[in-house]
Amino acid sequence: MKNNILIKVLYILAFLIITANTAISAVKSLTPDINDLPSGELLFSSVSPSGKLKVDFYIVKNNMGSAIRGELIDGDHRTNIYWQTGIDTADVLWENDYSIIINELPINVLTDKFDSRRGTAIFSEGSTAEQITNNNK
C-alpha cells in the first residue's frame, strides 16, 4: 500500500515539474528580453557630445535576415537600448548627451529602449515612432 502511494506521489511530482518547466519556457519565449540578443559584428560607434556615453551599433545576420543592435556604454556598464529587425544600417544623430535619434526614432538613453519585437504582431501596421511610444507605457 505504501509503495502505491509513493509511486503516485512521484508521478504527480514529476508531472508538476514537467508542467512548470514547460510553462516557464513558454513565458520566456513569448516575452523576449532585449538583454538576450546575439552579439553580431560591430558596424560603428557613436559618441555623445560630451564624450561620456557611447553607443556601439552591431549588425546581426542569420537565416531570418538582418537586424541592428545598439549597445549603450557608460563607463564599464553596457546595456542594449536598440533592436530593429529587417534593416542593415543605422542613421544616428545625438541631440544632446542623453537623447539620440536612431533611424528617425528618438530615444532617451537613460530611460528608453526600443525593441522591434515587443508590442507588435506580424501583421501590425504603424511607424516605429508609434512602437516606441507604446513600448514605454
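Exposure proxy for Arg69, Arg78: other Cβ atoms within 10 Å of each Cβ, ordered fewest to most, give Arg78, Arg69.
Sorted by packing (mean other beta-carbon atoms within 10 Å per residue), highest first, where do 105-114, 8-17 land?
Descending mean neighbour count gives 105-114, 8-17.
None of the figures in this text is laboratory data; all of them are computed from the coordinates on show. What you are looking at is a predicted structure, and each value in this text was computed from that prediction instead of being measured. Cβ coordinates were reconstructed from backbone atoms using ideal geometry, including for glycine residues, and neighbour counts include every protein chain displayed.
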